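Structure first, then comments.
The values are calculated or read from the model by the stated rules, or taken from the named source; none is laboratory data. The structure presented is a predicted model; accordingly, all values stated were derived computationally and were not measured. Because the Cβ atoms are built from the backbone with ideal geometry, glycine has one as well, and the counts that use them run over all protein chains shown. Note: areas computed on protein heavy atoms with side chains; ligands, DNA, RNA excluded. Shrake-Rupley method; radii C 1.70, N 1.55, O 1.52, S 1.80 Å.
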Amino acid sequence: IAAAVATLATVVGVERTVASTCRVLDVETISTVLTRLQRSTLDPETERMARAQKGLLRTLREALATAAGVEVPKLVEAKRISWPNLLMVIGSLVGLWLIIGILSDAEGSLALIRGAAWGWVAAAFVLGQLPVLTGAWALTGAVIGTIPFGRCIALETSNMFTSFVGGDAAVFGVRVRFFQRQGLDVPQAISSGAIAGSASWVVKGLLFIVCLPFAVGDFHKPTTEGGSHQNLVWLIVIVVLAVAVALAVVTLVPRIRRLATEKARPHLVTIWKDVKAIAVEPRKIFYVLGGSLGSQVLIAFCLGASLHSVGADASFATLIVVLTLAAMIGGAAPVPGGAGVIEVGLIAGLTAAGVPQDQAVAAVFIERFCTAYLPPIWGWGALVYMRHSDYV
């Protein structure tokens, strides 16, 4: 019925459609129709016609609600399969397959986990939770003006769940929504979310460049598994190729290049303006970069503590290099939270750096339990609290 009403409006106009609808439908049915008057309800041809009449569906909903004497209700959330959702499903299956593949030959690793030094495991767990605080600190520096630190902690805690189920894109969306709820307009909210996310990757890149010369010698040590170097090289090659293909598509396909330019340029201008505004406040720069640096260092310490718990070790520089490469691989793969993919990257990196494979597998799963598998439990509770408090 909603599709029929919308189709009628594209042909005869809103006024006649509202009059006809109120003549033949009761108020209860009209209220239900109003929840479904959206683009996802329409067939492609009607959607094209409605799009040509800017604001048609919004005007139709408001006029129909006024004529029926009801408030405009919220739209029913559309549930349909999209390409991003399909990629996420495929990525999740790939991640699960990788995890099963690792565990299928991990009897020695499981024995190491059972016999781990639990003092080091506890230290890894504590270190794995502290990046929430440093991440919240970085958020306070990413916005112009002030924002409550406690709310930022709650947001970053909730993002432990959001990241696990939706990846970096979902985290960015929730952050933007949070900034809007704190009083920022849409361009500023997008800009602040982009600054926070970009600062994290900038710091990771700088740390990687600084640590690589100190760690490069470690990756020539013999390993228990001869294919570790090859696996790491192939993972890096896949990431580089994926990035190159994406850049080539954006650069060489005129329609996509034009669309990217039209969509990105206004946001880039706003981001640059906000960066300049933040740059005049050294305190803000310190918060953004210091918080991002603290998060990466704490995660490296967490992985180091996990290695110590199973009787292995690696230098700080090596841990930073391995974590950065694994994060790149996880970010390039369409897998929520990088599950499975990040584990493979970490294990390949550690074994390439001379850590025996059983110990590498055990340490990686301890670290991932502390930073990725358990935190979504209380992250979900934090998200419920944020929703209930109308912060997101």
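The accessible-area ordering, largest first, of the residues GLU71, GLU47 stands as GLU71, GLU47, per a 1.4 angstrom probe.
Mind ordering 151-160, 177-186 by average Cβ neighbours within 10 Å, highest first?
Averaged packing, sorted descending, gives the order 151-160, 177-186.
Accessible area of ARG368 (1.4 Å probe, protein heavy atoms only, ligands and nucleic acids ignored): about 20 Å².
Whole-Hz Karplus values for region 33-48 come out as 4, 4, 6, 10, 7, 8, 4, 5, 7, 8, 6, x, 5, 5, 4, 4 Hz, taken residue by residue from phi with 6.51 cos²θ - 1.76 cosθ + 1.60 and θ = phi - 60°; glycine and proline positions read x.
Across region 300-307, coupling constants 3J(HN,Hα) worked out from phi with the 6.51/-1.76/1.60 Karplus curve, θ = phi - 60°, read 4, 4, 4, 5, x, 5, 5, 5 Hz, and Gly and Pro carry x. For the residues ASP218, ASP26, a 1.4 Å probe over the protein chains yields an accessible-area ranking, largest first, of ASP26, ASP218.
Taking all protein chains together and rolling a 1.4 Å probe, MET49 ends up with roughly 60 Å² accessible.
Accessible surface of THR66, taken over heavy atoms with a 1.4 Å probe and every protein chain present, rounds to 110 Å². With every protein chain in place and a 1.4 angstrom probe, the accessible-area ranking of VAL384, VAL288, largest first, reads VAL384, VAL288.
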